[in-house]
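Contents: one structure, followed by commentary.
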Amino acid sequence: MIEKNLNRAVDRATDSTAFEQAARGGHVMSGFVHLLIGYIVIRLAFGDSGSADQSGALGTLASTTGGEFVLWVAVVAFVAMGLWRLAETVIGPHATEHTQEDDSSLVDRAKAFGLAVVYFALAYSAYQFARGSGKSSGEQNAGLSARLMESAGGKTVLIVVGLIAIAIGGYHVYKGASKNFLDDLKPSGSKLVEPLGVVGYVAKGLVIVGAGILVIVATLRSDPSKATGIDAAVKTLGQAPFGQFLLVAAGAGIAAYGLYSFVMARYARM
């Protein structure tokens, strides 16, 4: 009875047009974040400095005219999307298409919950930068990694985190290469959607895989400075042969995902 009442309440909530539009705003703000990360990565290719991750993107946004207002909008949009993903955790994906005969799997609901956590984390980061107290996520990750590396249990946790990152990144690569992301969209009629999705998902996935590998290597070498996430993966990429070319390609790929996020804001099946 409690489960049925909860499902009905969530189903009614997702029938709200205002809620749906606010959640779609999460895709828009995610698009801006990825575009800014792509921009920072390309700047790194030409010798500039910066944090090539969400904190770097939000910090860049905070430093612009009107950036504080945009960040508060981002907080609302990310929270709305987080709540929407929680709704999908309860009643299954594509909540507006929900029927009495729900055939969603436990994996679908787990993915929805994972995305909810991601969007709530983005909302919290945007909130910190909107208040002027934002910090580099790379520095925070390095500090946490250093503490965890002090014990065998902590090292095990880091290796598991690295493996999870590799799995998530691999899934992104698969989703892009197989074009499975098209199942999440309504027909758009644009020929640009498919290439943006393929390039965006594959590029983002490879960067996440790189970050996961670096976490594992850094843990085995007890080097917390390399276990900082996407920023470390990108900067390590820049040190490779043809690093400048690889950074430009990575930045363009992440920016492509940002543009694809705008497509999702309009055409995603919610």
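The values are calculated or read from the model by the stated rules, or taken from the named source; none is laboratory data. Predicted model, so just to flag it, every value in this text is computed and none were measured. Here the Cβ positions follow ideal geometry from the backbone for every residue, glycine too, while neighbour counts run over all protein chains shown. Accessible surface areas use protein heavy atoms only, side chains included; no ligands, DNA or RNA. Shrake-Rupley method; radii C 1.70, N 1.55, O 1.52, S 1.80 Å.
Here are the numbers for the structure shown:
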| item | result |
| --- | --- |
| Residue in the range 225-243 that is open to solvent by 30 Å² or more (accessible area, probe 1.4 Å), of a type in the set (S, T, N, Q), in a loop (DSSP other than H, G, I, E, B) and within 22 Å of G31 (Cα to Cα) present | no |
| Test for L61: is it in contact with a Phe, Trp or Tyr (Cβ under 6 Å, 6 or more places away or on another chain) and buried (at least 21 other Cβ atoms within 10 Å of the Cβ) | no |
| Subset tally (residues that are charged (D, E, K, R) and within 24 Å of A249 (Cβ to Cβ)) for the range 200-228 | 2 |
| Of the criteria (1) of a type outside the set (S, T, N, Q); (2) open to solvent by less than 10 Å² (accessible area, probe 1.4 Å); (3) not in a helix (DSSP H, G or I), which one P93 fails | (2) |
| V215 in contact with a helix residue (DSSP H, G or I) (Cβ under 7 Å, 6 or more places away or on another chain) and surrounded by fewer than 23 Cβ atoms within 10 Å (Cβ to Cβ) | no |
| Residue that is least open to solvent (accessible area, probe 1.4 Å), among those in the range 29-50 that are under 18 Å from T228 (Cα atoms) and among the small types (G, A, S) | G38 |
| Pick from the range 64-89, criterion more than 27 Å from R269 (Cβ to Cβ) and hydroxyl-bearing (S, T, Y), ranking: surrounded by the fewest Cβ atoms within 10 Å (Cβ to Cβ) | T65 |
| Residue in the range 181-189 that is touching a strand residue (DSSP E or B) at 6+ places or on another chain (Cβ under 7 Å), open to solvent by 20 Å² or more (accessible area, probe 1.4 Å) and of a type in the set (D, E) present | yes |
